[in-house]
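The structure under discussion appears below in the form of structure tokens.
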Amino acid sequence: MPFIPHTDADVRAMLESIGAASIEDLFGEIPPELRSGELSRVPDAMGEMEIARLMQERAEADGRYLNFIGAGAYEHHIPAAVWQIATRGEFYSAYTPYQAEASQGTLQTIYEFQTMIASLTGMDVSNASLYDGASALAEAALMAVRAHKGSRRILVPRTVHPVYRKVVHTMVRNQGIELVELDYDPRRGAVPETFAAEGEFAALVIPQPNFFGVLEEVDRLTDWAHDRGALAIAVVNPVALALLTPPGEWGARGSDIAVGEGQPLGAPLSSGGPYFGFMACKQALVRQMPGRIVGRTVDLEGREGFTLTLQAREQHIRRSKATSNICTNQGLVMTAATIHMALLGPAGLERVAAKCHANTRALMERLGAVPGAEPVFPGPSFHEAVIRVDAPAADVLRALRARGILGGFDMTADYPELGQAILVCATETKTDEDLGRYVERLTRILSRRREAPPCAYKT
């Protein structure tokens, strides 16, 4: 709770200094008809202890759930130090660092973030983050069309997050860019080993892991794109990259652009945001990259310093020449991610990824033994997978929620061909007891569904 230090005497002295009789006089320019008048519904003031208890009671009324939903936003453990540092005044109030001499701390933080993302993705250069993973993919599509110059078509597999595909379509459709959908192999949940794609493409989007949690054959897909003169755009989970081959090493030449959602790196779920997107690319494409890049240099006296070395946006150059309007983006969340990665280090991030993978495998093995539930795709996956149930997925998830479990993401709207399918995720935050509780509750719900008449089944 903020502490307000001004006494009544302080207030009177300030009013006298500016020649006002009361605080109310300071609002005299506001027309009376625009004033709200007395706030009659505001309750009486409460003490700090009482208001803290009220807020705690209201928070507890929301309930606490065991969360097995992933689908692009993941529940990871965030060390307490991350946001304790990120919310210090030096970071919390930082804006776009236009004035380098007054923004060295912010610039260094961005530089460290870029270095970590470039290392994680195996790419040459990273920008200073974007708004979220979906808009990062849209910017990558625009970037690929600018760089390719020969085609305005992007090949996008259906295994890419459905929301990402919608966002990309929204952002590129009025620029004459066509998104060509590529279906998946229903047996594997991945891009088919062979597929037909007629005509020229500016780029192929390659998710790793894909929306189903399945690992795509990224080497083959990257080489396929390059053999046809197209760019390869990687959409990656940053935690998974602690275990998987980075995009910069896919195929013979590596992917050209890598994007993703940075939320798993220290950002809480927080009702959907704010999150941030990341983007990295090869050196040859750096002039097409949106946003800004921070570089390290030395001044005239040989002292190390940081500065904005590339700002390809309309505020700095002619609008027709700009690559985007991305600027301030999600600098605070990016700062938290930088602190998060620095605290975990490569070994810590690898342990998190390994635990996520192990938990999901253990959960799927148990679910495979539940009558009325079956894994859909048998191949390698990372920290989420699809199950099919013999009851309406929405009803099953509603019943699990009533028992304090968020059981997964209902796939029926986006992938109706999979039947009553649920995308289930288990990160490092889940214990063996948590997995057992999920399996036990799901077993009971599906058992009741089979035993009761359809009209008698209640959630």
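The values are calculated or read from the model by the stated rules, or taken from the named source; none is laboratory data. Keep in mind that what you see is a predicted model, and the values were worked out from it rather than measured. Neighbour counts run over all protein chains shown; Cβ positions are idealised from the backbone, glycine included. With ligands, DNA and RNA removed, areas are computed over all heavy atoms of the protein, side chains included. Shrake-Rupley method; radii C 1.70, N 1.55, O 1.52, S 1.80 Å.
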In nm, to one decimal, how far is the Glu50 label point from the Thr7 one, both placed 7 Å along Cα→Cβ?
-> 2.6
Across the stretch 142-147, in residue order, what do the Karplus-derived ³J(HN,Hα) couplings come to in whole Hz, using 6.51 cos²θ - 1.76 cosθ + 1.60 with θ = phi - 60° and x for Gly and Pro?
-> 4, 4, 5, 5, 4, 6
At 222 nm, what helix-only mean residue ellipticity would the chain give, in deg cm²/dmol to the nearest 500, using -39500 (n - 2.57) for each DSSP H run of four or more?
-> -11000 deg cm²/dmol
For the stretch 102-218, what D do you get in µm² per second when you plug the Kirkwood radius from alpha-carbon pairs into Stokes-Einstein at 37 °C and 0.692 mPa s?
-> 207
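Order of 167-180, 296-309 by packing, highest average Cβ count within 10 Å first?
Packing order, densest peptide first, comes out as 167-180, 296-309.
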Dimensions of the stretch 262-407 along principal axes (Cα, Å, largest first)?
-> 71, 38, 31
Any number yet on Rg/Rh for the stretch 1-99, C-alpha, Kirkwood?
-> 1.10
What distance in nm separates the simple spin-label points at Glu374 and Leu406, each placed 7 Å from Cα in the Cβ direction?
-> 3.0
Ordered by residue, what ³J(HN,Hα) values in Hz, to whole numbers, does the stretch 136-141 give under the Karplus form 6.51 cos²θ - 1.76 cosθ + 1.60, where θ = phi - 60° and Gly and Pro are x?
-> 5, 5, 4, 5, 5, 5
Please report, as a whole percent, how much of the solvent-accessible surface of the stretch 342-446 comes from carbon and sulfur atoms (probe radius 1.4 Å).
-> 55
Taking amide hydrogens as modeled 1.01 Å from N in the peptide plane, which residues meet the under 5 Å criterion relative to Leu66, leaving out close sequence neighbours?
-> Ile405, Leu406
Met123's amide H: which non-local residues (gap 5+, or another chain) put their own amide H closer than 5 Å, with H modeled 1.01 Å from N in plane and none for Pro or chain starts?
-> Gly248
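If you add up the charges near Gly348, with Lys and Arg at +1 and Asp and Glu at -1, over every other residue whose beta carbon is less than 15 angstrom from its beta carbon, what do you get?
Numbers: positive: Arg351, Lys355; negative: Glu350, Glu428.
Net of charged neighbours comes to 0.
Take the Cβ-Cβ distance between Arg450 and Phe195 as r, set R0 to 45 Å, and report the resulting FRET efficiency rounded to the nearest 0.05.
0.70
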Putting +1 on Lys and Arg Cβ atoms and -1 on Asp and Glu Cβ atoms, find which of Ser447, Ala81, Ser270 reaches farthest to the positive end of the dipole of the chain.
-> Ser447
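Quick one: if the Förster radius is 22 Å, what FRET efficiency do Arg220 and Glu178 give, using the C-beta to C-beta distance and rounding to 0.05?
On the way: r = 24 Å, r/R0 = 1.09.
That pair, Arg220 with Glu178, gives E of 0.40.
Find how much the distance from Met14 to Arg187 grows on full extension, using 0.36 nm per residue of separation minus their present alpha carbon separation; answer in nm with one decimal. Provide the component values of the computation, followed by the final result.
On the way: separation 173, 0.36 × 173 = 62.28 nm, distance 7.43 nm.
Contour length minus Cα-Cα distance gives 54.8 nm.
Which order do peptides 44-53, 356-365 fall in by mean Cβ count within 10 Å, highest first?
Details: 44-53: 9.2, 356-365: 19.4.
Top to bottom by mean Cβ count within 10 Å: 356-365, 44-53.
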Obtain the nm distance between the two label points defined at Glu38 and Ser119 by a simple spin-label model: each point lies 7 Å from its Cα along the Cα-to-C-beta direction.
-> 6.3
Evaluated at q = 0.13, 0.16, 0.18, 0.19 Å⁻¹: base-10 log I(q)/I(0), Debye formula over Cα of the stretch 114-178 | -0.41, -0.61, -0.75, -0.82
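For Ala394 and Asp62, calculate 0.36 nm times their separation in residues minus their Cα-Cα distance, and state this gained length in nm to one decimal. Present the calculation step by step, with values, prior to reporting the outcome.
Numbers: separation 332, 0.36 × 332 = 119.52 nm, distance 2.07 nm.
Going from the current span to full extension adds 117.4 nm.
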Heavy-atom accessible area per residue - the stretch 191-307, 1.4 Å, Å² | 38
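Can you send over the carbon and sulfur percentage of the accessible area for the stretch 96-185, probe radius 1.4 Å, protein chains only? Let's see the in-between values first.
Details: 1740 of 3580 Å².
So the carbon and sulfur contribution to the accessible surface is 49 percent.
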Whole-number accessible area per residue in Å² for the stretch 27-153, which is evaluated in the context of all protein chains at 1.4 Å | 62
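Convert 10 °C to kelvin, take the viscosity as 1.306 mPa s, use the Kirkwood radius over C-alpha pairs of the chain as Rh, and evaluate the Stokes-Einstein diffusion coefficient in µm²/s, rounded to a whole number.
On the way: Rh = 24.9 Å.
In µm²/s, the coefficient is 64.
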Can you list the lysines whose alpha carbon is less than 18 Å from that of Lys149, not counting same-chain residues fewer than 8 positions off?
-> Lys282, Lys321
Packing-ranked peptide list from 72-79, 230-237, 246-253, highest mean Cβ count within 10 angstrom first, is 230-237, 246-253, 72-79
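Calculate how many DSSP beta bridges within the chain are antiparallel, expressed in % of all such bridges and rounded to the nearest 5.
On the way: 27 of 46 bridges.
Bridges in the chain that DSSP calls antiparallel: roughly 60 percent.
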Long-range HN-HN contacts of Leu182 with modeled amide H, under 5 Å = Val156, Arg158
